[in-house]
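> Here it is, the structure, as structure tokens.
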Amino acid sequence: MAEGSWIRRMFEEGIILKQKYGEENVFDLSLGNPIMEPPAKFKQELRKIDKNPVPGMHRYMENAGYPETREAVALQLTREFGITFTMKDIIMTCGAAGALNVVLKTILNQGEEVIIFAPYFGEYTNYIDNHGGVTKILSTDEGFMPKLGDLESAIGAKTRAILINSPNNPTGAVYSEDLLHHLGELLYKKEAQYGTQIFLISDEAYRKIIYDEFKYPSPLHHYTKSIIVTSHSKDLALPGERIGYIAIHPDCNQREELVDGFIFCNRTLGYVNAPALMQNIVRHLQSVTVSVADYQRKRDFLYDKLIKMGYSVLKPRGAFYMFPKSPVEDDVAFVRQLQQWKVLTVPGHGFGAPGYFRISYCVDDRTLEGALAGFQKAAHKFNLD
Ligand SMILES: Cc1ncc(COP(=O)(O)O)c(C=O)c1O
């Protein structure tokens, strides 16, 4: 708790600044809380269900979720990836966070290792810790890609899972087909070497937020022990509704036992089932996404401005974050300096990557434009321009 979440800390300090200086004078780029409203079809489905309620729709259900919803998710995944999913491969969850906790609880024995790559979503270490796991953190290359040589050395007899996140929070990096192919090969090799089962958990919270008409490369095509965890928090802008799912590769061995484990853990971790109303809605929205073009426009705007100011930043290919290098070594001090100019960001420390800072650009244009003066002052102060 003392280490805390940097994202939450900056967000909460921002609330105090807003009270002091007025909401319109503080430019908050700290939280990945989409400013966009859910797509119009979301409201249409809500109205439809209000007019024609399904009898019993507020009751308990199967812990895995409504069969119709699981079928709709399976159909969408089959369409997206050309691999035939059925409802038996899908468990509806309370967001991606719920999905991750359910998967980790199911697969981990005390002391087993989960490998993650820095920079990473800060809650991962807490979730792994929740279920008796040990986190092993590996660094990435200058493009924020895993280094497979390092991974090869890091995998041992205790390795139970590799947890990846593409498109990535906080960098916006997207893993290539080639990287996933070699990753899959490496995992098969290591399983054979140790006689163990290694799962590839793929956190796909941003799968549908991908730019420049790039097609999302999926680990499903490269490793049969892939488990997808995701949600509609970002692609339908519904983070407060807590709706997501787990999908297991249909060819995963021991699939049925694992699915039984997921269902058991969904129940016994206290989630019981994903919210009923949302399950009834999102089953009609599987092929719908918020306006990715809008996010891309914001990305292009911010990226161009930061580059012109002299910041060093990789152009994100997905999600809605940027992860520039901090102009000074101490990223916390830099973020504090930006705060003085009423611009709120998050230090790289919060993502296991000191020396960087995260900007969340899922905000309105006014906030993005308003933050530029602070970034410019910082660029000047630290001699970037
Ligand atoms: C990479 C990543 N995984 C998981 C989550 C949690 O998503 P949810 O709100 O659907 O639980 C987030 C939320 O920001 C995230 O960025």
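The values are calculated or read from the model by the stated rules, or taken from the named source; none is laboratory data. This one's a predicted model, so the numbers in the text were calculated from it and none came from an experiment. Note that we place each Cβ from the backbone using ideal geometry, even for glycine, and neighbour counts take in every protein chain shown. Heads up: the accessible areas ignore ligands, DNA and RNA and are worked out on the full protein's heavy atoms, side chains in. Shrake-Rupley method; radii C 1.70, N 1.55, O 1.52, S 1.80 Å.
> Need one number for the range 258-335: average projected area of the convex hull over its C-alpha atoms, nm².
Projected over every direction and averaged, the Cα hull of the range 258-335 covers 9.5 nm².
> Computing the accessible area with a 1.4 Å probe over protein heavy atoms, can you report the carbon and sulfur percentage for the range 85-210?
49
> Now for a different question. Let me know the Kirkwood hydrodynamic radius for the range 229-385, please, with Cα pairs as the basis and the value in Å to one decimal.
So the Kirkwood estimate lands at 18.5 Å.
> Loop by DSSP (not H, G, I, E, B), at most 16 other beta-carbon atoms within 10 Å: where is the longest site-free stretch of the chain for trypsin sites (Lys or Arg not before Pro)?
Numbers: sites that count: 59, 147, 158, 215.
For trypsin sites (Lys or Arg not before Pro) (loop position, at most 16 other Cβ atoms within 10 Å), the longest site-free span of the chain is 216-385.
> Computed over the Cα atoms, what is the radius of gyration of the range 333-385 divided by 2.2 N^0.38 Å, N being its residue count?
Taking N as the residue count of the range 333-385, the ratio is 1.13.
> State the answer as a single residue: which of 164, 175, 69 lies farthest towards the positive end of the charge dipole of the chain, with beta carbon charges of +1 for Lys and Arg and -1 for Asp and Glu, about the Cα centre.
After comparing all options, I get 69.
> So, one more: Relative to the longest principal Cα axis of the chain, at what angle does helix 365-381 sit, 0 to 90 degrees, rounded to 10?
50
> Just the accessible area per residue of the range 1-131, please: how many Å² with a 1.4 Å probe?
52
> Continuing with the same structure: Taking 8 Å as the Cα distance limit and 6 or more residues as the minimum spacing, I'd like the relative contact order of the chain as a percentage.
Values: 719 pairs, mean separation 91.3, N = 385.
Once divided by the residue count of the chain, the mean separation gives 24 percent.
> Could you list the GluC sites (Glu not before Pro) in the range 155-233 that lie in coil according to DSSP, counting only those with at most 10 other Cβ atoms within 10 Å of their Cβ? Before the final figure, lay out each step's value.
Working: sites: 177, 185, 191, 204, 213; in loops: 204, 213.
When the GluC sites (Glu not before Pro) of the range 155-233 are filtered for loop state and at most 10 Cβ neighbours within 10 Å, 213 remain.
> Moving to a separate point now. Calculate the length of the line joining the C-alpha centroid of the range 198-276 to that of the range 341-362, in whole Å.
If we compute the Cα centre of each part, the gap is 27 Å.
> Calculate how many DSSP beta bridges within the chain are antiparallel, expressed in % of all such bridges and rounded to the nearest 5. Before the final figure, lay out each step's value.
Values: 16 of 35 bridges.
About 45 percent, rounded to the nearest 5.
> If you average the alpha carbon positions of the range 282-312 and of the range 78-141, how far apart do those two centres end up, in angstrom?
26
> In addition: Given that compact globular proteins tend to follow 2.2 N^0.38 Å, what is the ratio of the alpha-carbon Rg of the range 152-197 to that value?
Normalised by 2.2 N^0.38 Å, the Cα Rg of the range 152-197 equals 1.30.
> About its Cα centre, what dipole magnitude does the range 201-350 give when the only charges are +1 on Lys and Arg Cβ and -1 on Asp and Glu Cβ, stated in debye to the nearest 20?
Working: 19 positive and 16 negative charges, 98 e Å.
Computed charge dipole of the range 201-350: roughly 480 debye.
> So, one more: List the extent of the Cα atoms of the range 1-127 along each of their three principal axes, largest first, rounded to whole Å.
Taking the Cα atoms of the range 1-127, the three principal extents are 49, 49, 32 Å.
> For the range 122-181, run through the chymotrypsin sites (Phe, Trp or Tyr not before Pro) and keep only the ones in DSSP coil with at most 10 other Cβ atoms within 10 Å of their Cβ.
Passing sites in the range 122-181 do not exist.
> Would you list the P(r) distribution for the range 297-385, with all Cα-Cα distances sorted into 5 Å bins from 0 and each bin expressed as a whole %?
Per 5 Å bin, starting at 0, the Cα pair percentages come out as 3, 15, 28, 30, 19, 6, 0.
> Restricting the calculation to Cα positions, tell me the Rg (one decimal) and the Dmax (whole number) of the chain in Å.
21.0, 65
> So what is the relative contact order for the range 190-290, in percent, with contacts set as C-alpha pairs under 8 Å and at least six apart?
RCO, the range 190-290: 23 percent.
> Just the number, please: Stokes-Einstein D of the range 119-236 in µm²/s, Kirkwood Rh from C-alpha pairs, 25 °C, 0.890 mPa s.
Calculated translational D: 164 µm²/s.
> Can you show me the helix-derived [θ] at 222 nm for the chain, built from DSSP H runs with n ≥ 4 at -39,500 (n - 2.57) apiece and divided by the number of residues, rounded to the nearest 500.
That comes out to -12500 deg cm²/dmol.
> Could you name the lysines whose alpha carbon sits less than 28 Å from that of residue 158, not counting residues in the same chain fewer than 8 places away?
Those lysines meeting the cut-off are 105, 136, 147, 189, 190, 225.
> Out of the range 11-64, which chymotrypsin sites (Phe, Trp or Tyr not before Pro) are coil in DSSP terms and have no more than 15 other C-beta atoms within 10 Å?
60
> Size of the dipole of the chain about the Cα centre, Lys and Arg at +1 and Asp and Glu at -1 on the beta carbon, nothing else charged, in debye to 20?
Values: 43 positive and 46 negative charges, 139 e Å.
For this selection, approximately 660 debye.
> Please compute the contact order of the range 1-120 in relative form: average sequence separation of alpha-carbon pairs under 8 Å and at least six residues apart, divided by the residue count, as a percent.
This gives 13 percent for the range 1-120.
> To the nearest 10 degrees, how steep is helix 331-340 against the longest Cα principal axis of the chain, on a 0 to 90 scale?
For 331-340 against the chain, the angle is about 60 degrees.
> Which one, 372, 196, 154, is farthest towards the positive end of the dipole of the chain when Lys and Arg carry +1 and Asp and Glu -1 on their Cβ?
About the Cα centre, the residue reaching furthest to the positive side is 372.
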